[in-house]
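Taking it in order: structure first as structure tokens, then the write-up.
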């Protein structure tokens, strides 16, 4: 801790940007932002809470997201000691050596508390990728209006929402559109993964957090066994989320007697060859949608979290693909409905109905138009640079006065 502070104290040549995220998706999107920021100003020192992708992009990691990532109100208690430790670390950083800008990515309950600390120290706050307050706990918008200097949102309807409450906001497009997808050769990918196109290929995406995987992977595996009874040649493939070991995942699956091809770092290729995807609710649903792949969205959390959520959630859908579309395009199986029997029944029904699958693919193809254009990371980087420059101007004016 002391060494980290002293190393930053000596970096007077460039401005300091503190970036905080607590999720795997934020790590990926944050890494793209860091690269864009470095292109605009290579002298920037960017540090904070993130994961492997942010580290590879050149950010100094003070605390790794693996220790923080949770889903659900009840589940957060298991990580509370680490969350408190991370909060205290950042609070001390901000108070002792205030950054020139604080960039927050999603992870709202933690990040809004950090924003309050920054606000007291006069540090400008940029919030990239909004909390889903339009879906639940909408009263948080008042806190955001008080603590955040600029919102950079990734869905067009979010801009309208924040404008209603007088929050400075810009729609920057979705960062998933920034990904450059090279031409994909399906036959080559099938050969690479030792699969064939004579039988259905079903992708298993149980999430990127341990709690999600522990809850959903056994359900997906049991559903896959039932699907295989109907389609004897059915094949299953699973991309391994960053931070997880194949041996640990395989141990969970093998007890069900299921053969699954596991791959790392090839999500795009995996989705390209899939006929159907079983996917945990979250960013992965949007990634699957942008690839035009039919899917079944699954969501399971603790009973108490679910009951509380039912009282607070204000939108009719939980899957981002359906939320962006404004209607249900793909099935959502929530809590008790996300059972092996129900999931397999829905999957078998889809696999036996090519016309329904094609209609789903066509509907998903329209989502890209609703998400803006590529360049989200570059746009956010420009917003950040303007905020840094504005702070310089205010500081210079203060010295003159």
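Here are some residues: 84, 65. Which one is surrounded by fewer than 16 Cβ atoms within 10 Å (Cβ to Cβ), at pLDDT below 95 and under 16 Å from residue 111 (Cα atoms)?
The match here is 84.
So which helices (runs of 4 or more DSSP H) stay within region 93-194 end to end and still have 3 or more residues that are outside the structural domain of residue 290 (by TED's automatic domain parsing) and surrounded by 13 or more Cβ atoms within 10 Å (Cβ to Cβ)?
Counting at least 3 such residues, we get 108-120, 140-147, 156-164.
Only residues that are outside any helix (DSSP H, G or I), surrounded by 14 or more Cβ atoms within 10 Å (Cβ to Cβ) and within 23 Å of the chain's Cα centre (by Cα): list them for region 248-275, please.
262, 263, 266, 274
Just wondering, is there one or more residues in region 209-232 that are over 20 Å from residue 279 (Cα atoms), in a helix (DSSP H, G or I) and without any contact (Cβ under 8 Å) to a residue 60 or more places away in the chain?
The answer is yes; a qualifying residue exists.
Would you mind finding the one in 200, 168, 183 that is within 19 Å of residue 288 (Cα to Cα) and touching a strand residue (DSSP E or B) at 6+ places or on another chain (Cβ under 9 Å)?
The conditions single out 200.
Please determine whether any residue of region 352-360 is closer than 20 Å to residue 287 by Cβ, surrounded by 19 or more Cβ atoms within 10 Å (Cβ to Cβ) and modelled with pLDDT of 95 or more.
Scanning region 352-360, I find at least one residue that is closer than 20 Å to residue 287 by Cβ, surrounded by 19 or more Cβ atoms within 10 Å (Cβ to Cβ) and modelled with pLDDT of 95 or more, so the answer is yes.
Looking only at region 37-50, decide whether some residue is at negative phi, assigned to a helix (DSSP H, G or I) and modelled with pLDDT under 95.
Looking for residues that are at negative phi, assigned to a helix (DSSP H, G or I) and modelled with pLDDT under 95, one finds none in region 37-50, hence no.
Take the conditions touching a helix residue (DSSP H, G or I) at 6+ places or on another chain (Cβ under 8 Å), touching a residue at least 60 places away in the same chain (Cβ under 8 Å) and part of a strand (DSSP E or B) and apply them to residue 279. Does it pass?
When the stated conditions are applied, residue 279 passes them.
Being at pLDDT 95 or above and not in a strand (DSSP E or B) is the filter here; which residues of region 293-308 pass it?
Hits for region 293-308 are 293, 294.
The values are calculated or read from the model by the stated rules, or taken from the named source; none is laboratory data. None of these values were measured; they are calculated from a predicted model. Glycine also receives a Cβ, built like all others from the backbone with ideal geometry; neighbour counts cover every protein chain displayed.
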